[in-house]
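Everything below concerns the one structure shown next.
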Protein chains: 2
Amino acid sequence: MVSQRGLDVLRAIVQDYVSSREPVGSKSLVDRHGFGVSAATIRNDMAALEEEHLIVAPHTSSGRIPTDKGYRVFVDHLSEVRQLSSTQRQGIERFLGESDDFDDLLARTVRTLSQLTNQVAVVQYPTLGPARVQHLEIVRLGPTRLMSVLITDNGRVEQRLIETRAEVTDEDVSVLRSRLNASIAGKQLTEVEAVLRAASPGQPDLAVVEGALVQALSEQVQANRQSKLVLAGTANLLKTENDFSGSLYPLLDAIEEQVVVLKLLTEMQVAAEVVNVSIGREHANSGLEQTSLVSTGYSSAGEISQVGLLGPTRMDYSGNIAAVQAVARYLSTLLD
Amino acid sequence: MVSQRGLDVLRAIVQDYVSSREPVGSKSLVDRHGFGVSAATIRNDMAALEEEHLIVAPHTSSGRIPTDKGYRVFVDHLSEVRQLSSTQRQGIERFLGESDDFDDLLARTVRTLSQLTNQVAVVQYPTLGPARVQHLEIVRLGPTRLMSVLITDNGRVEQRLIETRAEVTDEDVSVLRSRLNASIAGKQLTEVEAVLRAASPGQPDLAVVEGALVQALSEQVQANRQSKLVLAGTANLLKTENDFSGSLYPLLDAIEEQVVVLKLLTEMQVAAEVVNVSIGREHANSGLEQTSLVSTGYSSAGEISQVGLLGPTRMDYSGNIAAVQAVARYLSTLLD
DNA sequence: ATTGGCACTCAGGTGGAGTGAGTGCCAGTG
DNA sequence: CACTGGCACTCACTCCACCTGAGTGCCAAT
């Protein structure tokens with residue numbers, strides 16, 4: 001059983017290890033934090049912590065480092081969220097406030113977050129969800145090539161290339177544009193597919209082209225479900241003192257691939273306001289075993305998406321949680 | 001003076017060093033490439049090459065490695081472009097052919113190129129240049145927030161957020177949308193600003209809002225000049241055996257920052273078809289001293305932009321040049 | 001111009017000794 | 001019963017000395 005002092009010791013171990021990156025031993029522990037007891041006593045407590053798999057010794061007779069489970073207990077019970085300084089807060093607001101458009105805003109978000117924390121920052125694009133169709137533009141790029149641009153009432157823009165089997169003229173495009181806009185403008189994206197299928201066919205000679213367009217539009221609406229990711233600060237993984245054993249290649253590769261990170265973020269999808277922390281092997285995803293993911297929701301036009309950061313399990317959880325929270329909150333106020 | 005055999009020796013040194021990553025000495029040189037002479041003779045040639053700063057010895061009495069200047073001579077005079085295998089070619093065409101839209105196509109391009117070469121691949125977004133306005137959509141996001149979406153006749157889409165001082169209703173937006181579209185649809189982007197400034201003012205009560213919109217549009221048109229970059233394969237920098245001395249941090253940071261790379265690419269802007277190679281210190285840009293950039297133009301709707309790759313100066317120039325060329329050509333055929 | 005021979009250099013690997021931070025255990029104490 | 005001081009032990013790391021081998025520059029001979 002782990003005593004109350006045992007937990008204090010765990011907290012101290014995590015703090016010292018995070019700041020020094022060296023396994024911490026009983027002696028230096030009593031030196032830095034004056035528990036009212038001797039090193040030998042602390043050693044007993046440490047033995048208990050090791051019993052519970054909260055800490056581990058990298059090799060016989062060296063200091064201890066926290067395990068994933070140890071970090072978990074630390075995050076859940078032993079740390080309090082440190083608040084950001086007001087200058088940091090202002091920095092965030094100034095930098096995010098200047099953005100030009102949605103893409104730019106998310107880009108600035110991850111930049112800010114990665115600079116603030118020295119970790120890799122990620123943000124999920126919101127799904128289009130309950131948005132409505134504002135306008136559908138069709139552009140003729142060539143005799144058998146069209147592009148559709150779907151604009152929603154909350155300012156998202158999705159485009160798609162279409163290869164038609166038959167040749168299309170500019171007039172055809174005009175006709176189709178009017179027809180389709182008339183039928184889907186103002187409709188929710190989720191309804192679009194049904195509306196299109198139900199619509200009465202237009203001129204027979206355009207049927208083939210119209211079919212291809214409807215097909216493409218449906219895909220476009222579908223596609224937004226599997227959302228997209230923006231990230232920044234991957235260079236932080238290489239900061240002179242890095243925490244990862246073995247090659248960084250699999251890690252950076254996994255991050256660049258995005259799919260694993262995206263999956264993790266999606267799983268964390270819960271209420272905004274709550275900050276989720278997933279530590280090391282808790283997410284046994286290939287490449288990310290040595291990292292923790294700190295994320296929380298932000299809301300954009302009612303939709304909740306995740307923004308967060310990725311770093312070594314040995315990270316400053318208090319500071320990072322605070323940073324993620326602050327950025328997410330401000331992002332929400334900008335978007336809602 | 002460097003003899004003809006001297007140049008052959010240089011070629012051999014580059015080839016051996018690129019494939020073995022070890023300084024190459026006179027003995028192993030005669031072993032692998034049977035010049036008709038003895039090692040001592042080769043040593044004399046190597047001394048001449050060193051005299052010309054084409055090769056250098058990392059430490060006294062070790063093998064030699066090529067200098068940036070040595071690579072330059074190799075690229076310009078000693079290497080021939082190796083052609084890609086037809087399966088590689090087909091792979092490129094299959095993967096790029098499937099893309100959905102312009103963004104996706106460029107994303108696939110860099111992915112392909114980075115996988116093909118194991119380097120970092122980059123591609124520059126084309127400037128909008130001579131494109132014409134197809135449609136301008138205005139979306140009302142809130143009482144004082146609008147978003148403008150500019151669609152060009154070659155399928156590019158640019159969006160921008162606008163904060164208006166006065167409140168705007170949906171009706172106002174409709175009015176403005178019609179007015180602005182009427183005046184700029186079909187105009188070249190370069191003309192847009194002039195046209196807008198010259199246009200007669202509409203309803204006086206909308207003047208403020210219209211002013212803000214016009215302002216934003218002008219910026220939007222301007223902004224596309226400074227183009228944007230897509231990249232992939234940064235993980236390749238960390239492949240187990242990597243070539244960079246010192247920390248990778250400054251390098252990855254510079255790449256992620258994009259601005260330096262963008263500047264380099266822009267400077268290379270010349271005719272398509274020609275493959276440019278910039279080697280190491282030839283571009284003395286902070287962070288990229290140990291890298292070479294191989295790039296060439298691709299054309300999109302008449303505009304020429306650059307696509308290329310970035311890797312250690314010790315790279316397989318022949319193969320990489322071939323890959324860049326093949327990808328750029330196919331990209332051009334898709335886009336033009 | 002080319003060659004074989006020779007003395008020299010130096011990075012990298014190997015192995016042993018020493019150091020110090022840290023441990024587990026145990027007997028003793030308030 | 002919780003805590004303490006003491007003690008023997010472990011083991012990663014550093015330093016140093018030594019060796020090896022690939023490679024060099026130079027020179028006299030062809």
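Side notes on the structure shown:
- Within the set B:186, B:211, the sole residue that is modelled with pLDDT of 85 or more, under 37 Å from the mean Cα position of the chain (by Cα) and surrounded by fewer than 16 Cβ atoms within 10 Å (Cβ to Cβ) turns out to be B:186.
- For the residues B:133, B:149, B:139, the requirement of being under 22 Å from residue A:150 (Cα atoms), in contact (Cβ under 8 Å) with a residue 40 or more places away in the chain, under 35 Å from the mean Cα position of the chain (by Cα) and within 14 Å of chain A (Cβ to nearest Cβ) singles out B:133.
- The number of residues in region A:6-19 being surrounded by fewer than 16 Cβ atoms within 10 Å (Cβ to Cβ) and within 14 Å of DNA strand D (Cβ to nearest atom) comes to 1.
- Members of region B:29-47 found to be more than 29 Å from residue B:320 (Cα to Cα) and more than 10 Å from DNA strand C (Cβ to nearest atom), listed by number: B:47
- Selection status of residue A:99, surrounded by fewer than 20 Cβ atoms within 10 Å (Cβ to Cβ), within 14 Å of chain B (Cβ to nearest Cβ) and within 30 Å of residue B:145 (Cβ to Cβ): yes
- Per-region count, region A:130-152, residues of a type in the set (Lys, Arg) and touching a helix residue (DSSP H, G or I) at 6+ places or on another chain (Cβ under 8 Å): 2
- Residues located in region B:20-64, provided they are more than 10 Å from DNA strand D (Cβ to nearest atom) and either within 14 Å of chain A (Cβ to nearest Cβ) or basic (Lys, Arg) (or both): B:21, B:32
- Some residue of region B:262-285 being farther than 20 Å from residue B:76 by Cβ, crowded, with 16+ Cβ neighbours inside 10 Å and more than 11 Å from the chain's Cα centre (by Cα): yes
- The condition (being within 19 Å of residue A:320 (Cβ to Cβ) and in contact (Cβ under 8 Å) with a residue 12 or more places away in the chain) is satisfied by just one residue among A:26, A:20, A:62, A:79: A:79.
- Boolean, residue A:16 is under 23 Å from residue A:69 (Cα atoms) and more than 10 Å from DNA strand C (Cβ to nearest atom): no
- Candidate set from region B:154-168 (those that are polar (S, T, N, Q) and closer than 24 Å to residue A:98 by Cα); member that is nearest to the other protein chains (Cβ to nearest Cβ): B:159
- Just one of (1) touching a strand residue (DSSP E or B) at 6+ places or on another chain (Cβ under 7 Å); (2) among the β-branched types (Val, Ile, Thr); (3) at pLDDT 85 or above fails for residue B:175. It is (1).
- Residue in region B:107-115 that is within 13 Å of another protein chain (Cβ to nearest Cβ), modelled with pLDDT of 85 or more and not in a helix (DSSP H, G or I) present: no
- Just one of the numbered conditions (1) free of Cβ contacts under 8 Å to residues at least 60 places away in the same chain; (2) buried (at least 18 other Cβ atoms within 10 Å of the Cβ); (3) aliphatic (A, V, I, L, M) is not true of residue B:166: (2).
- Taken over region A:322-336, the criterion of being under 17 Å from residue A:233 (Cα atoms) and not small (Gly, Ala, Ser) is satisfied by A:324, A:327.
- Inside region B:264-302, residues that are more than 24 Å from residue B:334 (Cβ to Cβ), of a type outside the set (S, T, N, Q) and at pLDDT 90 or above make up a count of 9.
The values are calculated or read from the model by the stated rules, or taken from the named source; none is laboratory data. This structure is a prediction, so every number in the text was calculated from the model and none was measured. FYI the Cβ positions are ideal-geometry reconstructions off the backbone, even for glycines, and counts take in every protein chain you see.
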